[in-house]
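J.: My questions all concern the structure below.
The values are calculated or read from the model by the stated rules, or taken from the named source; none is laboratory data. These numbers come from a predicted model, not from an experiment. All Cβ positions, even for glycine, are placed from backbone atoms using ideal geometry, and neighbour counts span all protein chains on display.
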Amino acid sequence: MILAHLLEEFANHLVIKVQDLGKLDCGLLKTCCKEGNESEEQKSFKFEESELDITMPTNSNTLREIYLYNTGDTTIENISLTISGKLKNYISLPVDEIDKLEPNSSVKIELDFHSFDKDIEIQGKLTAKEEDISTYFEIFLEIIEDYSPSNGNTYTPNPQIKTCAELEGEICTSDEECDIDNIIAKDNLCCLGECGGEESSSTGKIIGWSIVGIVLVFLLWFFKKKYRGAKKEVDLLKVAKGKKR
């Protein structure tokens, strides 16, 4: 009896419960049971590097290339690219949206830097954003008059020799948008249209439709009053009494 009891205890220690299989180290087994269904595909992407330092002469242009990598295991679509604050006055993006980025692949992003006639130090970031995830890339820009690069990077002179005022344009503030594409002037990005962009356009439309609505209401009131006066019913009794007199 004692021997049978010991054998039973030993057997109980060797039994692996089905619900505990998920806790086993999968690295030790060729087949591993996991709790629940297979793990969901992960979305993730990142820039090749975390930051970029640029020093350039005044009134010049230079091009830089960076790469965005899909580090997840699913395709990522509709990735928007935006540049923060005042930095967007100094960088142009030929493409501001990436349609599709396959797993284990990368896409090249071109940054066209342009400087104006003033020394300045500015910091901002380039953000890549998808519906559920985002990542950003820090950019430090310093513009120095008569700067002589020694790092082998190329800088081309800005061909524009006129200021925005001389071009009869307007420099939009950081919270405004030009309703047409900006051009590069000697002193800044220059709007030859109107600053305010979509917000200004929307306000103008609201005002315009409001005026149309007021005019329509006035016309309805006018014609209603006019036709009421023309269609007054004739009181035959009053007419008859008038004839007797």
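J.: Quick test for you: out of 127, 156, pick the one residue that is surrounded by fewer than 14 Cβ atoms within 10 Å (Cβ to Cβ) and in contact (Cβ under 8 Å) with a residue 12 or more places away in the chain. Quick ask: steps written out before the conclusion?
T.: On the way: 127 fails: surrounded by fewer than 14 Cβ atoms within 10 Å (Cβ to Cβ).
156 is the lone residue from the list that is surrounded by fewer than 14 Cβ atoms within 10 Å (Cβ to Cβ) and in contact (Cβ under 8 Å) with a residue 12 or more places away in the chain.
J.: If you check residue 86 against the conditions, is it in a strand (DSSP E or B) and either at pLDDT 95 or above or not small (Gly, Ala, Ser) (or both)?
T.: Details: in a strand (DSSP E or B): no; either at pLDDT 95 or above or not small (Gly, Ala, Ser) (or both): yes.
No, not satisfied.
J.: Restricting to segment 89-105, count the residues that are buried (at least 16 other Cβ atoms within 10 Å of the Cβ) and part of a strand (DSSP E or B).
T.: 4
J.: I would also like to ask the following. Inspect segment 123-135 for any residue being over 24 Å from residue 191 (Cα atoms), at pLDDT below 95 and of a type in the set (A, V, I, L, M, F, W, C) and give the result as yes or no.
T.: Yes: one or more hits.
J.: Look through segment 130-148, keep the residues that are surrounded by 14 or more Cβ atoms within 10 Å (Cβ to Cβ) and acidic (Asp, Glu), and return whichever of them is nearest to residue 79 (Cα to Cα).
T.: Taking the candidates together, the pick is 130.
J.: If you don't mind, another one. Residue by residue through segment 94-122, note down the ones that are of a type in the set (Phe, Trp, Tyr) and closer than 15 Å to residue 137 by Cβ.
T.: Correct list: 113 only.
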